[in-house]
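The block underneath contains the structure these notes are about, expressed in structure tokens.
The values are calculated or read from the model by the stated rules, or taken from the named source; none is laboratory data. Because the structure is predicted, anything quoted here is derived from the model rather than measured. Backbone-built Cβ (ideal geometry, glycine too); neighbour counts: all protein chains shown. Please note that ligands, DNA and RNA were not included when accessible areas were found on the heavy atoms of the full protein model with its side chains. Shrake-Rupley method; radii C 1.70, N 1.55, O 1.52, S 1.80 Å.
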Amino acid sequence: GHIGYMAKGMMKVGDQVTLTVDSQRRVLCARNHSATHLLQKALRTVLGTHVEQSGSYVDDKRLRFDFSHFSAMTPEELQKVEDMVNESISRSLPVVIKNMPIEEARKTGAQALFGEKYGDEVRVVKYGSSVELCGGTHIPATGMIGSLRVIGESSIAAGVRRIEAVTAEGAEQFVYAQQDLIRELRALMNHMPNLAQ
């Protein structure tokens, strides 16, 4: 269901209303949401099957993915995860969405959200080897994500880590900002001969 609030005016039971979806924002959110599926698959592959999603947030600008893991990720692990996600993006894997009985879904190895209550019938979302039970909105193929860049990894609770990332234009802007920073640091080093040695 949808939740809203009255900005102004009045409404009563039986009134007709019109719902308008911001289609551009929805596609951007769907792109980031689909990226979380690829991210979870990559994390489970790189870190191990103990990795379980413990929360996530997406909007049109970025994504956040919380997961169970006992230590900070190394730069090498983060790079492997990012590379795996980007490889899945470059393959432009098509989405396959099926509704099926929960027992059948479990046999496919679909990743369920820990602690979530599911009905007898569930929705299975598949991008290549990423298979999850999910009622969210998704893009037709992973190529629409463009690319993914991890912008942060941190601890949010005992045994729970958080990855923050950007996709597409956000990922490009992040890379440009990193390149600008490198150029500024080089210029700074050139003006400080003792540091440059």
Could you name the lysines in cross-link range of Lys61, using Cα to Cα under 27 Å and dropping any fewer than eight places away on the same chain? Lys41, Lys80, Lys126
How would you order 47-56, 5-14 from highest to lowest mean count of nearby Cβ atoms within 10 Å? 47-56, 5-14
In nm, to one decimal, how far is the Thr74 label point from the Ile102 one, both placed 7 Å along Cα→Cβ? 4.0 nm
Based only on Cα atoms, what Rg/Rh ratio does the chain have, Rh being taken as Kirkwood's radius? 1.07
Please give the residues of the range 43-57, grouped as numeric ranges, whose backbone N is less than 20 Å from a label point set 7 Å along the Cα-to-Cβ vector of Asp83. 43-49
Place a point 7 Å from Cα of Ile156 in the direction of its Cβ. Which residues in the range 97-117 have their backbone N less than 15 Å from it? 114
Determine the percent antiparallel among the DSSP beta bridges restricted to the chain, to the nearest 5. 95 percent
Simple spin-label model, 7 Å along Cα-to-Cβ: Val21 to Met192 in nm? 5.2 nm
The helix 168-190 Cα axis meets the longest alpha-carbon principal axis of the chain at an angle in degrees, between 0 and 90 and rounded to 10, of 20 degrees
Could you give the size of the charge dipole of the chain about its Cα centre, using +1 on the Cβ of each K and R and -1 on the Cβ of each D and E, expressed in debye and rounded to the nearest 20? 240 debye
Give the angle, between 0 and 90 degrees and rounded to the nearest 10, that separates the Cα long axis of helix 23-47 from the longest principal axis of the Cα atoms of the chain. 70 degrees
The chain: angle of helix 75-90 to the longest principal axis, Cα-based, in degrees nearest 10: 50 degrees
Mean accessible surface per residue for the range 18-153, computed with a 1.4 Å probe while every protein chain stays in place, in Å²: 54 Å²
May I ask you to give the percent of accessible area on the range 1-130 that is carbon plus sulfur, with a probe radius of 1.4 Å? 53 percent
